[in-house]
Amino acid sequence: MSRAITFSEYGAPEVLRPAEVPLPEPGPGQVRIRVRAASVNPLDLKIRSGAMAGAFPVRFPMVPGLDAAGVVDAAGENAGAAVGDAVLGATVGGSYAAYALVQEPVAKPAALSWEVAASLVTVGRTAARVLGELGVRAGTTLLVHGAGGSVGILAVQLAAARGLTVVATAGEHDLERVTALGATAVRYGDGWPQRVRDAAPRKVDYVLDASGAGVLADSVALTGDSARVVTIADMSAAEHGVRFSAGTAPAAPAGQGGRAEDPLPELARTAAAGTLTLPVWRTYPLDEAAAAHADLEAHRNHGKTVLLP
């Protein structure tokens, strides 16, 4: 058996409770890890509350969680990692547990902390995927909404490293941090489109909305083309002719078919080298998962939230 957090009904954070669950067995391409860190993502909260019941139906009791990092203690056929390896990756069957299954494990560099390793998986793949979907190019201007969040923070850095000019909207308390990462930061709220125009040295070419704050109509107006705007957070995207980006698969470069190479290994290497930053706000013991969800739901966090089994 394995110690885990489960929920047996949709509801508030209090539905998350410690439990004993069967030890998972790895299938082909999977490894079982002794979890050292599990990331808490906003999607976890939506799944727990039932807000995503249509898109993510669950079987109760469910172990929540998408991402983890840990040490392999059992490996399936053609797993890509061996017993004793330190890895990170997306989990199958939940990550809020002492043991979890990881599909397509990625080697964790020794210099990368467990907390950041677990935190990189979903948000890193999401940031890289959306930049690929937009087809961003060096010498152009990207506007990132919600740049104080984890996806926004990574998108700002990845775009700046590719030679883009990045303008980013964020809350007052995040402006200095976002500026330090290579963007021209502007305060969100009433009047933000004019502040963006004033800050951008030329026309905005692309927009990534990671905020879901009702910014799509003005973002389309800024670019002049709804195809140049992508959101990961606003369910009204179709009303504006904007693409809603979801899933975990990396996007192939614009105009090319197929599946792009997984960006996670390179993200892990650059984070370990210190050239990519992903702040971890707070860690919690596994049994305090409900408190972690409550803090995230109340927007108290300024960085990633991580569980430590």
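The values are calculated or read from the model by the stated rules, or taken from the named source; none is laboratory data. Everything quoted here is computed from the prediction, not taken from an experiment. Ideal geometry is used to build each Cβ from the backbone, glycine not excepted, and the neighbour counts take in all protein chains shown.
Tabulated data for the structure shown
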quantity	calculated
Per-region count, region 203-221, residues over 20 Å from residue 246 (Cβ atoms) and touching a strand residue (DSSP E or B) at 6+ places or on another chain (Cβ under 6 Å)	2
Search result, residues across region 215-243 that are of a type in the set (Ser, Thr, Tyr), part of a helix (DSSP H, G or I) and surrounded by fewer than 22 Cβ atoms within 10 Å (Cβ to Cβ)	223, 226
Test for residue 124: is it of a type outside the set (A, V, I, L, M, F, W, C), part of a helix (DSSP H, G or I) and surrounded by fewer than 23 Cβ atoms within 10 Å (Cβ to Cβ)	no
Residue count, region 10-52 (criterion: over 18 Å from residue 91 (Cα atoms), over 20 Å from the mean Cα position of the chain (by Cα) and aliphatic (A, V, I, L, M))	4
Output for region 93-121, where each listed residue is within 23 Å of residue 13 (Cα to Cα), in a loop (DSSP other than H, G, I, E, B) and either of a type in the set (Gly, Ala, Ser) or modelled with pLDDT under 95 (or both)	93, 94, 95, 98
Selection from region 1-28 of residues that are crowded, with 17+ Cβ neighbours inside 10 Å, farther than 16 Å from residue 291 by Cβ and not polar (S, T, N, Q)	4, 21, 24, 26
Test for residue 215: is it assigned by TED's automatic domain parsing to the domain that holds residue 141 and in contact with a helix residue (DSSP H, G or I) (Cβ under 6 Å, 6 or more places away or on another chain)	no
Single residue of 71, 83 found to be surrounded by fewer than 20 Cβ atoms within 10 Å (Cβ to Cβ), without any contact (Cβ under 8 Å) to a residue 12 or more places away in the chain and either of a type outside the set (Phe, Trp, Tyr) or more than 18 Å from residue 37 (Cα to Cα) (or both)	83
Tally, over region 199-218, of residues that are at pLDDT 95 or above and over 22 Å from the mean Cα position of the chain (by Cα)	4
Some residue of region 20-27 being more than 24 Å from residue 78 (Cβ to Cβ) and either among the charged types (D, E, K, R) or not in a strand (DSSP E or B) (or both)	yes
Filter result for residue 144 (of a type in the set (Val, Ile, Thr), at pLDDT 95 or above, buried (at least 24 other Cβ atoms within 10 Å of the Cβ) and under 20 Å from residue 41 (Cα atoms))	yes
